[in-house]
Protein chains: 2
Amino acid sequence: MNRPAGSLTTTVELINTGTELLLGRTLNTHQQWLCRQLSDHGYTVKRQVAVPDTGEDIHAAVREALTRADLVITTGGLGPTSDDVTRERVAELLGVTLGPHTTVERRLEAFYRLRNRRMPPRAALQTLVPEGATVLFNDHGTAPGLVMSVPAGRFRPNGSWLAMLPGPARELRPMFNTQLLPLIQQHCPPPTSLLCRTLRTTGLPESEVEARIAPHLEPLLRSGLELGYCARPGEVDIRLAAHGSEAAQQVEAAHKLVSDELGEFIFGEGAAELEEVVIGLLRDHRETLAVAESCTGGHLADRLTRVPGASEVFLGGWIPYSNALKHAALGVPAECLAAHGAVSEPVARSMAEGARRIAQASFALAITGIAGPGGGTPDKPVGTVFIALSQANSTVVLNPRNAWDRATFKAVTSQQALELLRRALLRKPNPASSP
Amino acid sequence: MNRPAGSLTTTVELINTGTELLLGRTLNTHQQWLCRQLSDHGYTVKRQVAVPDTGEDIHAAVREALTRADLVITTGGLGPTSDDVTRERVAELLGVTLGPHTTVERRLEAFYRLRNRRMPPRAALQTLVPEGATVLFNDHGTAPGLVMSVPAGRFRPNGSWLAMLPGPARELRPMFNTQLLPLIQQHCPPPTSLLCRTLRTTGLPESEVEARIAPHLEPLLRSGLELGYCARPGEVDIRLAAHGSEAAQQVEAAHKLVSDELGEFIFGEGAAELEEVVIGLLRDHRETLAVAESCTGGHLADRLTRVPGASEVFLGGWIPYSNALKHAALGVPAECLAAHGAVSEPVARSMAEGARRIAQASFALAITGIAGPGGGTPDKPVGTVFIALSQANSTVVLNPRNAWDRATFKAVTSQQALELLRRALLRKPNPASSP
């Protein structure tokens with residue numbers, strides 16, 4: 001790609017195709033994800049448009065965007081079904097022919113062979129590539145992405161670039177990161193370098209994070225630092241960004257001020273998830289973990305096992321949803337269950353100690369509580385939860401009240417459990433510095 | 001509002017204003033919510049646009065939409081802060097003046113009085129209303145919504161309606177439902193009612209779904225039926241929609257044709273998730289379930305326990321990630337692990353039977369496999385997986401090859417396990433029809 005001559009910034013527009021978007025059947029997560037990736041790399045999306053899967057609407061939207069933008073990115077409509085018309089309509093708009101692409105054909109055949117599946121006849125449509133297009137290979141699906149150069153004078157005095165990405169998120173995201181973004185960065189560098197750093201915190205609400213850090217950042221904000229917050233269940237991200245030659249010093253100074261105020265509430269930077277940080281600490285300390293989850297129903301284990309290589313330190317777990325299984329699988333005494341109820345401090349403690357003993361792990365986390373919407377009592381209302389962490393010689397139990405909907409309950413409770421373990425691991429001597 | 005003369009349908013466009021949308025810091029939930037409400041009432045949104053909070057971008061987007069649409073709805077930019085410029089820019093575009101509105105002033109003063117808060121000076125900006133506008137009162141915040149008539153001949157031969165809604169969802173949603181929608185329905189009746197039905201399938205790839213049903217739907221498509229597909233990991237949705245007085249018969253006829261072709265590949269309708277269907281079937285049949293998941297690491301149990309009331313039928317599970325735990329917790333014989341390896345048909349079988357026995361469940365699902373990216377061998381490459389379903393007197397084992405990224409592997413594998421159980425439950429005699 002060549003930087004369109006005469007432009008001071010790279011103007012980017014995004015077109016999401018899909019009738020389901022306009023019918024409100026699907027949430028447009030591509031918009032947020034792509035805009036976020038682009039802005040983190042210094043590109044500002046100037047306009048986003050969603051249009052239905054009809055040829056005319058796609059044609060009109062792409063045509064209009066090409067009169068305004070240096071780079072137009074489309075999502076969707078590259079698959080094999082009859083409502084996938086982006087490739088054909090764009091070829092028509094640009095006046096180029098479609099022809100079969102040998103490498104795409106070979107990869108498509110291999111895709112089906114690897115999965116022991118017969119290739120349906122319509123799938124071959126995906127091997128058609130517009131004349132002159134660069135192919136973005138699809139490592140997670142069948143439809144390749146396409147990048148085309150639109151010559152100067154065709155729709156605007158400067159030329160444009162048009163990139164087409166497939167609709168499924170698991171195909172679009174790696175294709176953008178590993179193939180399209182490097183192409184964009186090479187040929188359309190952002191006008192000034194934007195330095196953006198995200199600090200990730202857990203354990204404080206957004207207003208508390210802001211109250212603690214904003215006054216200290218005032219002078220930097222006046223000299224151009226940009227500050228943003230993003231709150232999710234159990235997490236608040238702090239976004240520090242700066243442009244220009246002073247950017248590195250400004251972001252560094254802001255990072256230091258935020259660290260001084262928030263200390264251990266910061267669990268990581270960038271895209272680090274809390275479960276990745278915890279798996280990394282367990283690995284560094286050569287410790288192992290088992291879990292026993294009742295009310296979170298496997299969500300904590302699911303998070304831990306999202307991390308590649310988790311099996312080095314995560315031995316496994318139990319989901320003793322019924323009382324009988326708490327006793328049969330983890331050895332929680334029947335008297336303890338009868339005397340205190342399944343949602344209680346002694347049961348959480350017993351679950352953690354049982355899990356640690358049976359799995360022969362150095363740490364175990366146990367969770368028992370009432371996720372809701374049913375099951376609450378005046379004594380133990382919905383949201384009551386006990387989180388136990390057992391290690392050699394000690395077991396501690398937290399008792400937060402997480403009165404949320406069911407999905408948020410699981411997210412927040414598993415976050416608190418991971419954070420309890422992270423803080424315990426931070427207290428341990430650094431294995432690298434021990435003899 | 002008067003129905004614009006000569007139009008056969010009401011064309012609607014949606015404009016979402018907000019720099020945070022283009023920076024990817026916020027997910028645009030307004031789009032899905034408003035599109036869904038409108039389509040449920042028979043209005044089809046033809047285009048959605050997101051632009052930053054700058055005056056020029058809002059001006060350009062509203063101007064363009066008014067050349068095309070009968071009804072333009074904007075969200076955001078009506079509040080009191082410096083980046084709220086929609087009201088001013090629209091007044092300027094339409095050439096009308098802004099003036100204070102007595103009722104809005106009174107309501108704003110009451111809003112602050114009720115909360116014992118001083119009214120900030122900038123808040124008064126929200127009492128300014130464009131000449132001739134209809135006010136939509138805000139029962140959950142401070143900024144009123146506004147509806148304006150754009151005269152015929154100004155931007156297009158027919159006139160248009162322009163509605164402006166405030167940005168916060170808790171203000172926008174009730175304002176739309178109780179004030180804007182009745183206005184739209186009264187003055188822009190939808191040409192014909194839209195009937196939309198979504199059938200959810202699992203077990204067939206998207207192209208195969210289409211190959212099976214599309215030829216049979218041809219005659220209905222020619223007479224106006226709309227057909228769409230949406231593929232997610234392990235699932236393909238089929239959307240059947242029709243307008244007008246024949247809509248119910250058309251959708252019903254299409255549903256019957258699709259059912260005839262796809263039969264049990266259809267697991268539900270509308271927003272039903274496979275785990276909800278399975279929990280419902282278990283409840284209907286008075287059966288219970290336990291799970292033992294190695295490579296999916298709790299994802300299957302997490303899905304099952306997302307369903308409120310899952311505890312009635314889901315007894316719990318194991319995540320025997322390590323080989324030692326497969327033996328210690330589930331009784332998988334050490335010789336079996338040594339002879340066949342943890343990822344094998346006999347180990348999957350033994351895990352399922354152990355889980356069923358210990359939990360005293362009527363059904364148990366077990367999963368063992370290689371999620372990747374590491375751990376593959378020539379014999380057992382990444383994506384190899386064994387899924388066992390144990391019930392009284394029989395255990396069956398599937399051996400698909402799920403060569404995907406880690407997250408998709410978990411989604412697809414848990415889907416196959418749930419589907420294996422759903423098919424088994426469908427084979428059982430209906431408990432309602434037994435004596």
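The values are calculated or read from the model by the stated rules, or taken from the named source; none is laboratory data. Note that the coordinates shown come from a computational prediction; the quantities given were computed from them, not determined experimentally. Cβ atoms come from the backbone with ideal geometry, glycine included; neighbour counts cover every protein chain shown.
Results, tabulated for the structure shown:
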{"item": "Residues of the stretch A:46-66 that turn out to be β-branched (Val, Ile, Thr), over 12 Å from B:GLN48 (Cα atoms) and at pLDDT 95 or above, as a count", "result": "2"}
{"item": "Check on B:ILE319, surrounded by fewer than 24 Cβ atoms within 10 Å (Cβ to Cβ), among the aliphatic types (A, V, I, L, M), at pLDDT 95 or above and touching a strand residue (DSSP E or B) at 6+ places or on another chain (Cβ under 8 Å)", "result": "no"}
{"item": "Qualifying residue in the stretch B:105-115 (condition: more than 17 Å from B:GLY55 (Cα to Cα), surrounded by 20 or more Cβ atoms within 10 Å (Cβ to Cβ) and more than 29 Å from the chain's Cα centre (by Cα))", "result": "yes"}
{"item": "Single residue of the stretch B:328-346 satisfying the filter (within 22 Å of A:SER294 (Cα to Cα) and surrounded by fewer than 21 Cβ atoms within 10 Å (Cβ to Cβ)) that is nearest to the other protein chains (Cβ to nearest Cβ)", "result": "B:ALA328"}
{"item": "Selection within the stretch A:95-126 - within 23 Å of A:LEU162 (Cα to Cα) and in contact with a Gly (Cβ under 9 Å, 6 or more places away or on another chain)", "result": "A:VAL96, A:LEU125, A:GLN126"}
{"item": "Residues of the stretch B:27-43 that turn out to be in contact with a Cys (Cβ under 9 Å, 6 or more places away or on another chain) and facing another protein chain (nearest Cβ under 7 Å), as a count", "result": "1"}
{"item": "Residue within the stretch A:364-380 that is under 26 Å from the mean Cα position of the chain (by Cα), within 14 Å of chain B (Cβ to nearest Cβ) and not small (Gly, Ala, Ser) present", "result": "yes"}
{"item": "Candidate set: the stretch B:140-196, residues that are in a loop (DSSP other than H, G, I, E, B) and in contact with an Asp or Glu (Cβ under 8 Å, 6 or more places away or on another chain); chosen: the one surrounded by the most Cβ atoms within 10 Å (Cβ to Cβ)", "result": "B:ALA143"}
{"item": "The stretch B:276-324: number of residues that are more than 9 Å from chain A (Cβ to nearest Cβ) and either on the phi > 0 side of the Ramachandran plot or without any contact (Cβ under 8 Å) to a residue 24 or more places away in the chain (or both)", "result": "3"}
{"item": "Looking only at the stretch B:397-417, and only at residues there that are under 23 Å from the mean Cα position of the chain (by Cα) and of a type in the set (Lys, Arg), the one that is nearest to B:VAL278 (Cα to Cα)", "result": "B:LYS410"}
{"item": "Members of the stretch B:198-216 found to be among the hydroxyl-bearing types (Ser, Thr, Tyr), more than 9 Å from A:THR81 (Cα to Cα) and within 11 Å of chain A (Cβ to nearest Cβ), listed by number", "result": "B:THR198"}
{"item": "In the stretch A:386-406, the residues that are touching a helix residue (DSSP H, G or I) at 6+ places or on another chain (Cβ under 9 Å) and either within 14 Å of chain B (Cβ to nearest Cβ) or crowded, with 21+ Cβ neighbours inside 10 Å (or both)", "result": "A:PHE386, A:ILE387, A:ALA388, A:LEU389, A:SER390, A:ASN402, A:TRP404"}
